[in-house]
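Here's the structure we're looking at; comments come further down.
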Amino acid sequence: MNFEHLVVINDPADPALEELTREELWFGLLCRAEDPRAFLPGLETCTIVERSEVELVRELKFGSALIRDRVTLMPMDSVRFESEPTESHAGGSLTIAIEEPALGQLVLRFRYLTTLPDDAGSPDRAYVEYVKSAYHQSDLDTVRVIRMIAESTRFQ
């Protein structure tokens, strides 16, 4: 399954959206990489087992499930999460990119690649649509948490 969508962060035509800077967005994405518990319901622990300037290898514990992933950081631009396949987890990747399609407008592009079949005639089609919907909701929640982090750091 290849699935991507945008979440608008700043839209000059919508004054109801509180503006975030690219730096605030990037800081929020770093928080999601370093300690994703606030972003991923059900995540019990996140252990960073390797670290470099632009990469983290993490072990994420969800109950009895342990998922190992690699996080690649492209500073101020994007974060890529690649999870390893296991018996209970198919693996896949998520890239979250900061884009500025017009001056003053910031969006986050979420791009998922998984092993789920996405054929129109696939018997798993309804499940795939459910997964896409869950991903979209999770991404909206990610933006909500990033906004909360930005707001809390502005007053420190």
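The values are calculated or read from the model by the stated rules, or taken from the named source; none is laboratory data. Owing to the predicted nature of the structure, the values given are computational and were not obtained by experimental measurement. Cβ: placed from backbone, ideal geometry, glycine included. Neighbour counts: every protein chain shown. Side chains are part of the model used for accessible areas, which takes the heavy atoms of the whole protein and leaves out ligands, DNA and RNA. Shrake-Rupley method; radii C 1.70, N 1.55, O 1.52, S 1.80 Å.
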Checklist outcome for this item: Scanning the range 1-44 for residues that are open to solvent by 20 Å² or more (accessible area, probe 1.4 Å), closer than 30 Å to T115 by Cβ and in a helix (DSSP H, G or I) gives W26, L30, C31, E34, R37, A38
Checklist entry - So is T142 in a strand (DSSP E or B), modelled with pLDDT of 95 or more and among the hydroxyl-bearing types (S, T, Y) or not? => result no
Checklist entry - In the range 63-76, how many are touching a residue at least 24 places away in the same chain (Cβ under 8 Å) and open to solvent by 30 Å² or more (accessible area, probe 1.4 Å)? => result 3
Checklist entry - Restricting attention to the range 44-58, does a residue exist that is closer than 21 Å to V7 by Cβ and of a type in the set (A, V, I, L, M)? => result no
Checklist entry - Name the residues in the range 103-137 that are open to solvent by less than 80 Å² (accessible area, probe 1.4 Å), in contact with a Pro (Cβ under 9 Å, 6 or more places away or on another chain) and free of Cβ contacts under 8 Å to residues at least 40 places away in the same chain, would you? => result D124, R125
